[in-house]
Amino acid sequence: MKNMINKKNLMPVIVLGVICLAVALLMGAVNMIAAPEIKARNDKAIADSLGKVMPDGEFDEKEDALRKDAPETISKVYTEKTGKGTVVVLVTKKGYTGKDIGITVGIDNDGKITGMEITQNDESIVPSELKPGGSYGEHYVGKGAGDVAELVTGATVAFTESAIKGALTDAFVYLGFAEEKPELPRDEAEIFELVKAFYGEGAENLVSYTAEDATYVKRIYKEKGKASYVTYSFVYSQYGTPEFEFLTYVDESRKVADIEKILWKVSDPKPEWGYIPPSDSEVDAFFESFVGKTVSNVSEVEIETGATNTAGRVRDAARESLEITIPEDGSYASRIIGIAAVVLAVGGFIAYAIIDKRRRTAK
Amino acid sequence: MKNNKLSILLRGLIAENPVLVLVLGTCPTLAQSTSVIAALSMGIAATLVLVCSNMVISVLRKIIPDTVRIPCYIVVIAGFVTVVQLLMQAYLPDLYKMMGVYLALIVVNCIILGRAEMFARKNNVIDSALDGLGMGLGFLLALLAMATIREVFGNGSFAGIEISFLADYKIPILTQAPGGFLVFGILIAIVNKIGPKKGAEKRKNFSCEGCPSASLCGKVSCAENCELVAGGEPDAADTKKEEGNA
């Protein structure tokens, strides 16, 4: 030990230590000069961006810690220092292409919007008022959670507007000015009854599964031992675009054997947009055209004029129903066999190791 | 003497250009040469770090033990990069944002560590500063040349100013990574052609000076090593010359 601590070994440690210390001092000195300037700039940048949505507001450089139940759209929350309200920074991906839309919104203590700005919009089609710095936010000033839902802005990009309204609703929910909407529009038992009625014979043997990694298909219902199944699809567009629910019966050859519309909620006609929704008979005919389709030709179904986005989503949902992975009936049995095999293998190895060691010791 | 100092300064520009001849610092070169402003900022920041780190390493060259020289160089370089980063964040925030992560990555720019290892640790402060300045300017020059070609022809602008008559004749691939490699290759070919040494330098002319493996290698020169690998004897005259250089 003593031999190890000699000049030859110690010198590199000392030199490296001294150099580290000197460099740290240099960085500290520069930081002392630069830090106030950096802080002033950051404060100004935050005040500039947050002040646009909450005029005369004073904010800390550091945002508030987000609660665990914060919706994924909320990225930052700043509480105004003098108690005027809160500014929420949101990023949503629920537009048409799923790209980021950044929103900064100020909400006062009465739950009214003090200002709203689009800070980022990576969607492919963006009207000028929906671009960063555009005038779109002006529509929302003074509106509360309920008003946002009903607001007609005149913006013609329905998905983007729907995504923005959804994100704003998340902000209202987070701040306690609105209640969170349920995941599905009706409870499980009610859906099961609808499926049973749709399925007919053998309905009492149906087992319900939650659809994993699916956007529109929420539940899968099937009889054990059968390859056919029924899917329940739902798209909950919070505002702006219609909602729809439907059941799809997919047979053994992965073909749509039957399809039933449960809900097709179309927005009120808006003559100022020149928007005329399709009639009930047109919608029924549209759903009917899915019967007999497979994954390869489901995209041939022509979407409905007047409900282009919604019909497009129905088609996507139908394709999802045909492509979805169905849980295997024997999944539990196969898991148990798999686990047993692993346990046996590991146990066998350990037993062999012990026996081998004893044999060597005996020798 | 004066000529010697001038040659140290000038050789980094073309003859030993770090990017186009020594092929060092390729990553920041390709990443930051999409716009002239970004290239200029990167070049200036790297030059500043290069000069300062070369000078400090030269001053400390007799103190730093061989075994910890690389960690010491990295600490010094990282310190200067942090200083430049803090100053840019405070006084040039737009440039700081534009350079993004590449500013911090100057720490691992092999030109800087390479010059510290190859030159600064064996030469005096003034020569090291001149070498740093020359190499930094060479880096800046290469970056500017690449950025000019890529921005003008790829984006139809120069330093952010639109060139109206090129607006309809843009070659967008030049602003992407493949375009960067293409321009990089063409510039290397041009420099190789017009530079003072045509073609690849013969290996036997390299000395062990600056070779990071020199202490492990145990050979007198690269020529000796090459000959041994090839199965022949080293050229006596070359070996003698290399010994003299070492």
With each pseudo-label sitting 7 Å past Cα toward Cβ, what's the A:ASN9-B:ILE190 distance in nm, one decimal?
5.7
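Percent of accessible area on region A:74-175 owned by carbon and sulfur, 1.4 Å probe?
Numbers: 1910 of 4040 Å².
Heavy-atom surface of region A:74-175 belonging to carbon and sulfur, 1.4 Å probe: 47 percent.
Given the pairs A:LYS131/A:LYS165; A:LYS196/A:LYS218; A:LYS226/A:LYS293; A:LYS94/A:LYS293; A:LYS165/B:LYS97, which span a C-alpha to C-alpha distance of over 22 angstrom in this model?
Details: A:LYS131/A:LYS165 16 Å; A:LYS196/A:LYS218 16 Å; A:LYS226/A:LYS293 20 Å; A:LYS94/A:LYS293 28 Å; A:LYS165/B:LYS97 31 Å.
Listed pairs above 22 Å: A:LYS94/A:LYS293; A:LYS165/B:LYS97.
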Region B:121-142 scanned against label point 7 Å out from B:VAL59 along Cα→C-beta; backbone N under 13 Å for B:125-126, B:129
Can you compute 3J(HN,Hα) from phi for each residue in region B:46-62, using the Karplus curve 6.51 cos²θ - 1.76 cosθ + 1.60 with θ = phi - 60°, rounded to whole Hz and x for Gly and Pro?
5, 4, 4, 5, 4, 5, 5, 5, 4, 5, 5, 5, 5, 4, 8, 4, 8
Per the rule of 0.36 nm per residue minus the C-alpha distance, extending A:ILE326 to A:ASP284 adds in nm 12.4 nm
Tell me, what ³J(HN,Hα) does each residue in region B:64-79 have, in order and in whole Hz, if you take phi through Karplus 6.51 cos²θ - 1.76 cosθ + 1.60 with θ = phi - 60° and put x for Gly and Pro?
6, x, 4, 5, 10, 5, 5, x, 5, 4, 4, 4, 4, 4, 4, x
Quick one: which of A:LYS62/A:LYS99; A:LYS39/A:LYS68; A:LYS44/B:LYS170 span more than 32 angstrom between C-alpha atoms?
A:LYS44/B:LYS170
What is the distance in Å between the Cα centroid of region B:117-142 and that of region A:64-137?
50
Enter the buried accessible area of the A/B pair, total of both sides, probe 1.4 Å, in Å² rounded to the nearest 100.
1500
Using all alpha carbons of region B:1-57, what is the percent of pairwise distances in each 10 Å bin, ordered from the shortest bin to the longest?
20, 46, 28, 5
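Rank these residues by their accessible area, most exposed first, probe 1.4 Å: B:LYS62, A:LYS196.
Ranked from most to least accessible, the order is B:LYS62, A:LYS196.
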Full-extension gain in nm, A:GLU302 to A:ASP251, via 0.36 nm per residue minus C-alpha separation
16.1 nm
Can you compute the FRET efficiency between B:LEU166 and A:LYS357 using 1/(1 + (r/R0)^6), with r the Cβ-Cβ distance and R0 = 60 Å? Round to the nearest 0.05.
0.15
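Quick one: which of A:247-259, A:314-326 comes out on top by average Cβ neighbours within 10 Å, and what's the full order, highest first?
Values: A:247-259: 18.0, A:314-326: 19.8.
Answer by packing, highest mean first, reads A:314-326, A:247-259.
The values are calculated or read from the model by the stated rules, or taken from the named source; none is laboratory data. Remember, it's a predicted structure, so these values are computed and weren't measured experimentally. Note that we place each Cβ from the backbone using ideal geometry, even for glycine, and neighbour counts take in every protein chain shown. Accessible surface is based on the protein model in full, side chains and every heavy atom, while ligands, DNA and RNA are left aside. Shrake-Rupley method; radii C 1.70, N 1.55, O 1.52, S 1.80 Å.
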